[in-house]
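The values are calculated or read from the model by the stated rules, or taken from the named source; none is laboratory data. No experiment lies behind these values; they were computed from the predicted model shown. Methodologically, a virtual Cβ is constructed for each residue, glycine included, from the backbone with ideal geometry; neighbour enumeration extends over all protein chains shown. Keep in mind that these areas ignore ligands, DNA and RNA; they rest on the heavy atoms of the full protein, side chains included. Shrake-Rupley method; radii C 1.70, N 1.55, O 1.52, S 1.80 Å.
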Amino acid sequence: MQVLITGVAGFVGYHLAQRLLSEGVQVYGIDNLNEYYDVSLKKARLSQLQPQAGFTFEYLDLSDRVGVANLFATHQFDCVVNLAAQAGVRYSLINPHAYVDTNLSGFVNLLEGCRHQAVNHLVFASSSSVYGVNPKVPFATSDSVDHPISLYAATKKANELMAYTYSHLYRIPTTGLRFFTVYGPWGRPDMAYFKFVKAIEAGQPIEVYNHGDMQRDFTYVDDVIEGMVRVMRRPPTDPVLDSAVDADASIQPTTAPYKLYNIGNNQPVALSRLIQTIETALGKSAQKQFLPMQPGDVPITYADVDDLIRDVGFKPATPLEVGIRHFVDWYRSYY
């Protein structure tokens, strides 16, 4: 079995590749090693993967239409996992074109590759950001996500629509995964928990937005990978009736071998508890600088994972204290 992982030098891509390689799966990884955050961290992840049997790496940007077409023309993949994306809610306010190039144009190039190769299963990363300021909690995949409050969220919602269309037109078994605040060793330096650890360890103040009145469904990376691997092995086979049926009875609902799942811990954590947990793990106290909510942020994320439990028999459950301890141990070892 050969799996294509886009964004393989990224946080989740690295961990997924490690898991698959440990199981004897052939992994073909691509990444453009962009400079959104420290490239040396991405290269360090790659250095852990490249010596392993069964791993192949190619430097490739998804927005390179010819390059992506050549990739699919010269390799046969049993499963494609798309983790390459321009991430970050706040950065989308600064550099919106980066999100269009990678998350929209790049995703179309990937869909075209899957279409022409007729891959057995496409799995792609979406985000809890698509829920915006949804007042209903926990967030379920059946909830309306038509009002994103950041460009990043809008591109992820667009990915879901684009993937559904290709699944319907070309019968590509497709699964979208809405990740909820993934954290852990080898994580992204732009994430709050990473910034907090870095600042507290260095004796510097931390920025606490919305005056600390926020909650996040922190999900440990090993739980995310377990959920992903189980989903990868279960491509949708039965067409799913589109629940959004037009009021005009003459318009027939569409079907597609397509499925969406939340992957979250199902236990939102207050920002104050996250900080306290980090303080305990570091053995140091934080200096807090309280600030208002930033544009594009949401007060809470909270995943309904009933579908994931029902279909693949798994529920993320790593306690925050355990996950943060693992991250702090890695951080001190790495840095």
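Residues that are open to solvent by less than 10 Å² (accessible area, probe 1.4 Å) and at negative phi within segment 161-186 comprise ALA163, SER167, ILE172, THR174, THR175, GLY176, LEU177, ARG178, PHE180, TYR183, listed in sequence order.
Residues that are at pLDDT 95 or above and either under 24 Å from GLU226 (Cβ atoms) or open to solvent by 40 Å² or more (accessible area, probe 1.4 Å) (or both) number at least 2 in the following helices (runs of 4 or more DSSP H) confined to segment 1-105: 11-22, 39-49, 65-74. Reported count of residues in segment 115-143, each being among the charged types (D, E, K, R) and within 30 Å of PHE72 (Cβ to Cβ), is 1. A count restricted to segment 187-201 and to residues that are more than 28 Å from VAL80 (Cβ to Cβ) and open to solvent by less than 40 Å² (accessible area, probe 1.4 Å) stands at 6. Scanning segment 254-303 for residues that are charged (D, E, K, R) and either in contact with a Phe, Trp or Tyr (Cβ under 6 Å, 6 or more places away or on another chain) or closer than 24 Å to PRO185 by Cβ (or both) yields ARG273, GLU279, LYS284. With respect to the conditions (1) of a type outside the set (Gly, Ala, Ser); (2) open to solvent by less than 40 Å² (accessible area, probe 1.4 Å); (3) without any contact (Cβ under 8 Å) to a residue 12 or more places away in the chain, ILE309 lacks only one, and its number is (2).
Is it true that TYR183 is farther than 18 Å from ASP217 by Cα and not β-branched (Val, Ile, Thr)? Criteria not met by TYR183. For segment 135-155, filtered to residues that are assigned to a loop (DSSP other than H, G, I, E, B) and free of Cβ contacts under 8 Å to residues at least 60 places away in the same chain, the residue that is most open to solvent (accessible area, probe 1.4 Å) is HIS147. Can you find a residue that is open to solvent by 10 Å² or more (accessible area, probe 1.4 Å), hydrophobic (A, V, I, L, M, F, W, C), in contact (Cβ under 8 Å) with a residue 60 or more places away in the chain and touching a strand residue (DSSP E or B) at 6+ places or on another chain (Cβ under 9 Å) anywhere in segment 202-214? The answer is yes; a qualifying residue exists.
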